[in-house]
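S.K.: For reference, the structure I am asking about is given below.
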Amino acid sequence: VQLQACGGGLVQAGGSLRLSCAASGRTFSSIAIGWFRQAPGKEREFVASISRSGGTTMYEDSVKGRFTISRDNEKNTAYLQMNSLKPEDTAVYYCAAGAFSFVTIKMDEYDKWGQGTLVTVSS
């Protein structure tokens, strides 16, 4: 599967962005999707994950209630809606895919990664 992430940009604190992750090359409904982010000088970290059907989601604690992960299997696309953005959300955001039926924060479980999209939140 190939993944293409987009939707990043510059936004003021309190604003919103929606990231998209378009997939090709494999039946989209057979893969779980995760979003990760990497801030300057920091390690890549988990943000959110969604199961193949979309019925199960998982979030990192700092984004709960602000971010929503979703997917449209007919459009082969997953989304990350980010509201109430904070300067500490500034990072390169990556989507990743794995052929498993659960949700997980473990980067090693995901075997395909898209290129990142930069999100910058100004104060």
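Values quoted throughout were computed directly from the atomic coordinates according to the rules given, and no laboratory measurement underlies them. Please read all numbers here as calculations on a predicted model, not as lab measurements. Backbone-built Cβ (ideal geometry, glycine too); neighbour counts: all protein chains shown.
S.K.: Compute the orientation-averaged projected area for the chain from the convex hull of its Cα atoms and round it to one decimal in nm².
M.R.: Numbers: hull surface 26.3 nm².
Mean projected area of the Cα convex hull: 6.6 nm².
S.K.: In region 28-91, how does Rg compare with the Kirkwood Rh, expressed as the Rg/Rh ratio over alpha carbon atoms? Show your work: numbers first, answer last.
M.R.: Details: Rg = 12.3 Å, Rh = 12.4 Å.
Rg/Rh: 0.99.
S.K.: Which is the longest run of the chain containing none of the GluC sites (Glu not before Pro) found in DSSP loop states (not H, G, I, E, B) with at most 10 other C-beta atoms within 10 Å?
M.R.: That gives 75-123 as the longest site-free run.
S.K.: Here's a follow-up. Please flag any cysteine in the chain that has no other cysteine's Cβ under 4.7 angstrom from its own Cβ.
M.R.: C6
S.K.: Please give the length that would be gained between A13 and S62 if that part of the chain were fully extended, namely 0.36 nm times their separation in residues minus their C-alpha to C-alpha distance (nm, one decimal).
M.R.: Numbers: separation 49, 0.36 × 49 = 17.64 nm, distance 1.51 nm.
So the chain would gain 16.1 nm between A13 and S62.
S.K.: Which trypsin sites (Lys or Arg not before Pro) in region 31-101 sit in a loop by DSSP (not H, G, I, E or B) and have at most 11 other Cβ atoms within 10 Å of their own Cβ?
M.R.: Values: sites: R37, K42, R44, R52, K64, R66, R71, K75; in loops: K42, R44, R52, K64, R66, K75.
Sites meeting the loop and neighbour criteria: K42, K64.
S.K.: Just report the Cα centroid separation between region 18-89 and region 90-123, whole Å.
M.R.: So the two Cα centres are separated by 7 Å.
S.K.: Let me ask something else about it. Sticking with the crude label model, points 7 Å out along Cα→Cβ, report the distance from S84 to D111 in nm, one decimal please.
M.R.: 3.8 nm
S.K.: What does the charge add up to near V47, with Lys and Arg as +1, Asp and Glu as -1, over the other residues with Cβ less than 14 Å from its Cβ? Let's see the in-between values first.
M.R.: Details: positive: R18, R37, K42, R44, K64, R66, K86, K106; negative: E43, E45, E60, D61, E88, D89.
Value of the local net charge: +2.
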